[in-house]
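Student: I have a structure I would like to understand better, so I am pasting it below and will then ask my questions one at a time.
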Amino acid sequence: MRNHRIVPLLLTLTVLSISACAAKGPAVPGPKGHLFIVGGGDRDEPLMRRYVELARDYGSGRIVIFTMASGVPHEVGPELVAEFKSYGVADVAYYQLTREEAMDPASLKILDGVSAIWFSGGDQAKQTEALLGTPLHKRMLELYLEGGLIGGTSAGAAVMSEFMITGNEKRAGGEEGTWEVILADDVEHTEGFGFVKDAVIDQHFVTRRRHNRLISVVLEFPSLVGLGIEEATAVLVRPDGKYEVLGEGQVIVYDARRATTSKSADGRLGGRGLTMHVLLAGDVFDLAAGRVEERAK
């Protein structure tokens, strides 16, 4: 009789286990592509050759450059084309589009056969004003999911995250900020392209002393990890979801996801248990786990 009681119990447990798995549903695969996020400044040859190698790993190796962030796009565009050609890229072109042109479905031909995209520096708001929410933007997100390479420098780095810092400070009347305080509702932000969802990107980070700005963001929005990328330095976001540091400088990480945050009556932000990492080339940050991987010995 004892065995007869055990069998129904086992069947019940099996059914409950199957139901639990079905409720969770299939795992959603992450992007197959890479993000190559440069903090601005000079880009040395080894850094950019790594970008070109990654472009060649997917499809034809063709690179398309968008220069809408630049104040002098028809100077920057040819310079970038020449730079990539010097690294052996045969098929590369730049585009300076209005929003109306980007909204035209015919513009999707620009991305036919493309392996990699590059966003120039300048003003990140100009880049998103032209492309955000357009058929081209949607296709770029698809390319990243499929295995394409998305890269950019300076403003082209800032546009990568869904939460995009504009560079302006509300306390300064919406002008470029001095960031003398760590204050709530001070960092002007808007929507970026959304290749990165769980982090916010800041650039020229150590050189321009932007720590207060990024600390303000992560204390006010603690679900976001702050990534401050120095000049001549890149973060490579890999298909495994980990962030690898490349180049000459450092990447500063501020993580308030496990911190206790607070705010004073005058809006000053506080945080206890905020985690900071200063990463060098070769370091790998596991954003999901919130830890830096041990270096290979």
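The values are calculated or read from the model by the stated rules, or taken from the named source; none is laboratory data. Fair warning: this is a prediction, and the values are worked out from it, not measured in the lab. Because the Cβ atoms are built from the backbone with ideal geometry, glycine has one as well, and the counts that use them run over all protein chains shown.
Student: Report the residue count in the range 265-282 for those that are in a loop (DSSP other than H, G, I, E, B) and either without any contact (Cβ under 8 Å) to a residue 24 or more places away in the chain or under 17 Å from the mean Cα position of the chain (by Cα) (or both).
Tutor: Result for the range 265-282: 3.
Student: Let me ask something else. Identify the residue in the range 71-96 that is in contact (Cβ under 8 Å) with a residue 24 or more places away in the chain and exposed (fewer than 13 other Cβ atoms within 10 Å of the Cβ) and, among all such residues, is nearest to ARG43 (Cα to Cα).
Tutor: Ranking the qualifying residues of the range 71-96, first place goes to GLY88.
Student: Among the numbered conditions (1) without any contact (Cβ under 8 Å) to a residue 60 or more places away in the chain; (2) surrounded by 15 or more Cβ atoms within 10 Å (Cβ to Cβ); (3) under 17 Å from the mean Cα position of the chain (by Cα), tell me where SER216 comes up short.
Tutor: For SER216, the failing item is (3).
Student: Can you name the residue in the range 44-56 that is surrounded by 15 or more Cβ atoms within 10 Å (Cβ to Cβ) and over 18 Å from the mean Cα position of the chain (by Cα) and is also farthest from VAL159 (Cα to Cα) among such residues?
Tutor: Filtering the range 44-56 for residues that are surrounded by 15 or more Cβ atoms within 10 Å (Cβ to Cβ) and over 18 Å from the mean Cα position of the chain (by Cα), the one farthest from VAL159 (Cα to Cα) comes out as ARG56.
Student: Considering each residue of the range 111-122, count those that are out of contact with any helix residue (DSSP H, G or I) (no Cβ under 6 Å at 6 or more places or on another chain) and either surrounded by fewer than 22 Cβ atoms within 10 Å (Cβ to Cβ) or aromatic (Phe, Trp, Tyr) (or both), and give that number.
Tutor: 3
Student: Go through the residues of the range 82-102 one by one and say whether even a single one is among the small types (Gly, Ala, Ser) and under 20 Å from VAL235 (Cα atoms).
Tutor: So far as the range 82-102 goes, no, none of its residues is among the small types (Gly, Ala, Ser) and under 20 Å from VAL235 (Cα atoms).
Student: Name the strands (runs of 3 or more DSSP E) wholly within the range 94-209 that hold at least 2 residues that are more than 25 Å from GLY33 (Cα to Cα)?
Tutor: Filter on the range 94-209 gives 163-169, 187-191.
Student: Also: Within the range 245-263, count every residue that is of a type in the set (Gly, Ala, Ser) and within 17 Å of ILE37 (Cβ to Cβ).
Tutor: 2
Student: Sticking with this structure for a sec: Do we have any residue at all in the range 252-266 that's over 22 Å from ALA157 (Cβ atoms), of a type in the set (Val, Ile, Thr) and surrounded by 16 or more Cβ atoms within 10 Å (Cβ to Cβ)?
Tutor: For the range 252-266, residues over 22 Å from ALA157 (Cβ atoms), of a type in the set (Val, Ile, Thr) and surrounded by 16 or more Cβ atoms within 10 Å (Cβ to Cβ): present.
Student: Starting from the range 27-50, keep only residues that are free of Cβ contacts under 8 Å to residues at least 60 places away in the same chain, then list their pairs with residues that are in a loop (DSSP other than H, G, I, E, B) and not aliphatic (A, V, I, L, M) whose Cβ atoms are within a distance under 9 Å, requiring at least 6 positions of separation or different chains.
Tutor: GLU45/TYR87; MET48/TYR87; ARG49/TYR87; ARG49/GLY88
Student: Among the residues of the range 219-247, write down those that are in a loop (DSSP other than H, G, I, E, B), among the small types (Gly, Ala, Ser) and either within 13 Å of the chain's Cα centre (by Cα) or closer than 17 Å to TRP118 by Cα (or both).
Tutor: Across the range 219-247, the qualifying residues are ALA232, GLY241.
Student: Which one is farthest from PHE205 (Cα to Cα), of the residues in the range 165-192 that are of a type in the set (D, E, K, R) and free of Cβ contacts under 8 Å to residues at least 12 places away in the same chain?
Tutor: Out of the qualifying residues, it is GLU175.
Student: Also, I was wondering about something else. Looking at GLY59, is it within 23 Å of the chain's Cα centre (by Cα), modelled with pLDDT of 95 or more and small (Gly, Ala, Ser)?
Tutor: In short, no.
So that you can scan it fast, the table gives a plain yes or no per residue for (1) surrounded by fewer than 24 Cβ atoms within 10 Å (Cβ to Cβ); (2) over 21 Å from LEU279 (Cα atoms); (3) in contact with a strand residue (DSSP E or B) (Cβ under 8 Å, 6 or more places away or on another chain):
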residue: GLU176; (1), (2), (3): yes, yes, yes
residue: TRP179; (1), (2), (3): yes, yes, yes
residue: ASP186; (1), (2), (3): yes, yes, yes
residue: GLU191; (1), (2), (3): yes, yes, yes
residue: ASN212; (1), (2), (3): yes, no, no
residue: PRO222; (1), (2), (3): yes, no, yes
residue: GLY226; (1), (2), (3): no, no, yes
residue: ALA234; (1), (2), (3): no, no, yes
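Student: Considering only the range 126-134, I want to know if a residue exists there that is under 15 Å from the mean Cα position of the chain (by Cα), at pLDDT 95 or above, closer than 25 Å to PHE221 by Cα and of a type in the set (Asp, Glu).
Tutor: No, every residue in the range 126-134 fails to be under 15 Å from the mean Cα position of the chain (by Cα), at pLDDT 95 or above, closer than 25 Å to PHE221 by Cα and of a type in the set (Asp, Glu).
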